[in-house]
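Below you'll find the structure, written out as structure tokens, and then a few comments.
Values quoted throughout were computed directly from the atomic coordinates according to the rules given, and no laboratory measurement underlies them. Since the model is a prediction, treat every value here as computed from it, not as a measurement. Every residue, glycine as well, gets a Cβ built from its backbone with ideal geometry; the counts of neighbours run over all protein chains shown.
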Amino acid sequence: MKDQVVEQFTKLYGHAPEAVARAPGRIEFIGNHTDYNGGTVLGAAINLGVWVAVRKAAGGELHFATASQRGMVTVPTRDPRKQSGAQRWTNYPLGVWVSFPKFGLRQPAGLDYLAVSDLPVGAGLSSSAAIELASALAYLALTGEQPPRETVVKLGRYAENNFVGVPCGILDQGVSGFGRKDHLVFIDCRGPRFETVPLPAGAHFWIFNTHAKHALIDGLYATRHRECLDAAAALGVDLLADVTPAQLEQSKTRLSGVGYRRAKHVVEEIDRVARVRAALAGGDLTGVGRLLTASHRSSQTQFENSTAELDLLVDTLTVTPHVHGARLTGGGFGGAVMALTDAKFSTRQAAQVAKVYARQFGSTPDVLHCETGDGAAVIVPRAF
């Protein structure tokens, strides 16, 4: 892939890049909407991601291009305003560049930039965090600065929150930044604090991407974020992570019906993360699977960020042999389902699940058998 990225960059700009960086997509293993509530999450970096090639450019301009879209977007450094329409994708690398001074980092004065991805679009695998982390590391390779990895992760989240305008937590950037093959990434989002957790042998991830997304997904995500903060305020705490399941039940009369359901999902999901971690330590993938499916049922009934398409996939997968459990992965309101399986789950079984889906909805989901992978890294070739 590296050679392909270098070749495309050279063809586009007439010279080779000075640096290439790569960041992986991620699977949200468990911890749905817990991150911005100060809770805990588990995620897995995967072996697919986003590659970014860059070179310093003169003239006070940022030139952005992607292999998946024709044309180039030119942004003057003196007026790096947010882009719209077909150029919206540039807000992720542009937002990272704009955010550098907020973290005491030097911005490259001008850029030639190319992004190439092998992540499936819209699959809930966080291509946004991958492009943010890869962009940040590529820019740092140009300036020669080497801040702590935690800083790079926080910068990616800051750019998405404050420039792109999505109120995400640190899950996506944290997993992309701290991923490790054959491990999950555990994040205590309050710190944030990052650890890697060994994944028991025999665990396999399958992604079923529906390509079905709610038309109001951005607004619905922001609404859930606000509902959670409102629930925390009604309970007299800063964040829902400050409330135990028992305390929530004792104080439920302070909440509206909607507020209680949102808080119940988040508070119990944080508890499920702890129980999943304990089950992983004991090698109990069956127990892990039950908790994953319980997480989805909570998303379905309490947080209401699932869809009929996602629910059918979970219903079908959980009665299929060799599947430990299944749940939506990512923010919800469409996207993809992750299934945790053993090694005997086959492409034939995956096709049967997809066939059930197609009979119901008239389209076939994309199926992806993922492997874990390492986190974001700068690639510095000896010669291009």
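Side notes on the structure shown:
- Nitroxide proxy distance, nm - points 7 Å out along Cα→Cβ at LYS11 and ASP79: 3.4
- Positive dipole terminus of the chain, leading residue within LEU125, PHE64, VAL337 (C-beta point charges): PHE64
- The chain - mean residue ellipticity at 222 nm from DSSP helices (-39,500 (n - 2.57) per run, n ≥ 4, rounded to 500): -12000 deg cm²/dmol
- Translational D in µm²/s for the stretch 204-370 (Stokes-Einstein at 10 °C, 1.306 mPa s, Kirkwood Rh from C-alpha pairs): 94
- Relative compactness, the chain, computed as alpha-carbon Rg over 2.2 N^0.38 Å: 0.99
- The mean sequence separation of alpha-carbon pairs under 8 Å and at least six residues apart, normalised by the residue count of the stretch 106-229, gives a relative contact order of 21 percent.
- Site pair ARG88 and LYS355 shows an inter-label distance of 3.7 nm when each label is modelled 7 Å from Cα along Cα→Cβ.
- Mean Cα-pair separation over length for the chain, i.e. relative contact order, pairs under 8 Å, 6 or more apart, %: 23
- Ranking GLY287, ASN209, LEU171 by how far each Cα lies toward the positive end of the dipole of the stretch 153-291 (charges on Cβ) leaves ASN209 at the top.
- When both the stretch 85-124 and the stretch 41-59 are represented by their alpha-carbon centers, they are found 9 Å apart.
- Listed residues LEU312, LEU119, LEU328, most fluctuating in the chain (Gaussian network, C-alpha, under 10 Å): LEU312
- Estimated dipole of the stretch 204-370 in Debye, rounded to 20 [Cβ of Lys and Arg +1, of Asp and Glu -1, Cα centre]: 300
- Burial ordering of PHE100, PHE208, PHE178, fewest other beta-carbon atoms within 10 Å first: PHE100, PHE178, PHE208
- Within straight-line cross-link reach of LYS154, aspartates and glutamates at Cα separation under 17 Å, skipping those fewer than 8 residues along the same chain: ASP35, GLU132, GLU145, ASP172, ASP188, GLU195
- The gain in end-to-end length when the ASP311 to GLN146 segment is fully stretched comes to 55.0 nm, 0.36 nm per residue minus the alpha carbon separation.
- Dipole axis of the stretch 204-370 (+1 Lys, Arg; -1 Asp, Glu on Cβ), positive-most option in HIS296, GLN247, GLY219: HIS296
- Taking the Cα centre of the chain as origin and assigning +1 to Lys and Arg Cβ atoms and -1 to Asp and Glu Cβ atoms, the resulting dipole is close to 260 debye.
- Straight-line cross-link partners of LYS213 among the lysines, defined as a Cα under 23 Å from its Cα and at least 8 positions apart when in the same chain: LYS355.
- Extension gain for ALA109 to THR286 (0.36 nm times residue separation, less C-alpha to C-alpha distance): 58.5 nm.
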